[in-house]
Amino acid sequence: MNTFVQENSGSRSLSFRNFAVPIGKEEKSADMPLEVEPSAIFVIDKHALGRECLAQSLHTHRLDVPIVTLSSLEQFVRRGLNRTASVVLINIGDQKVSEPSIGNYLSKAVTDCAPAPVVVLADKEDISQILKALEYGVRGYIPTSVSINVCVEALRLTMAGGTFVPASSVLAMRNSSQDGLQEPKPMGGLFTLRQAEVVNALRRGKANKIIAYELNLRESTVKVHIRNIMKKLKASNRTEVACMINDLFPTESASSQMD
């Protein structure tokens with residue numbers, strides 16, 4: 001039976017598909033385990049509408065396991081729900097895995113949810129963010145750009161013991177690896193050689209006119225490169241580009257500053 005379980009913070013009840021089971025007052029239920037069937041999928045998202053919509057979508061795709069929604073990892077840990085979890089899906093939204101606070105959060109989640117695997121749902125799908133998440137021990141990285149069908153299959157794969165990453169990222173990593181055999185590319189092959197030169201100039205705080213002069217480019221061409229670089233990094237301005245590059249490629253950042 002496919003069951004959808006939702007924690008309602010207003011009535012303090014667990015809402016099943018057609019009925020509700022009271023779990024008492026908030027001060028008494030903090031450490032009380034949820035009465036759910038074994039092998040449930042837990043959706044953790046601080047936004048009520050987001051987690052409920054996702055749970056409903058998963059429910060309609062017949063995953064054949066209960067879907068339980070929670071607003072925080074703390075609720076999951078307090079109640080010892082790792083014993084009933086087949087997978088824990090955590091939505092980090094537009095936050096970056098490379099941010100120390102998010103990295104620490106995911107590392108803690110992997111430890112606290114064990115033996116249940118942790119899967120990340122995120123707005124960003126940069127290769128660097130995905131690899132960083134895998135380093136923290138998550139078993140799947142689902143971009144919010146994919147369809148619900150892909151999300152469902154990713155969860156099925158994870159529950160079967162696999163690890164899910166977007167196909168586009170796998171292809172990008174393969175191409176980067178093949179290119180690396182021929183000629184090493186700066187910044188993991190994330191940028192073209194010309195874009196990498198512009199990035200290094202931005203990191204030094206150089207103006208467009210100076211960049212154009214030093215690289216023998218037109219200033220309009222420099223602006224096009226900067227727009228493409230910002231698009232790849234999903235950055236909003238050139239200052240953010242410099243900060244992101246320093247975080248993602250600290251070794252190359254140090255060497256470029258010494259040049």
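Max-minus-min Cα coordinates of the range 59-113 on each principal axis give 36, 25, 16 Å, with the largest extent listed first. Around the amide H of Val138, modelled in the peptide plane, lies no amide H under 5 Å away from a residue 5 or more places distant or on another chain. With K and R counted +1 and D and E -1, the other residues having a Cβ less than 14 Å from that of Ile210 yield a net charge of +4. Between Val87 and Phe42, the built amide H atoms are under 5 Å apart, and every one of these is 5 or more places off in sequence or on another chain. For Leu217, no residue has an amide H sitting under 5 Å from its own, ignoring neighbours fewer than 5 places away on the same chain, with H placed 1.01 Å from N.
We did not get these values from a lab; they are worked out from the coordinates using the rules stated. Here the structure is a predicted model, which means the values were calculated and not measured. FYI the Cβ positions are ideal-geometry reconstructions off the backbone, even for glycines, and counts take in every protein chain you see.
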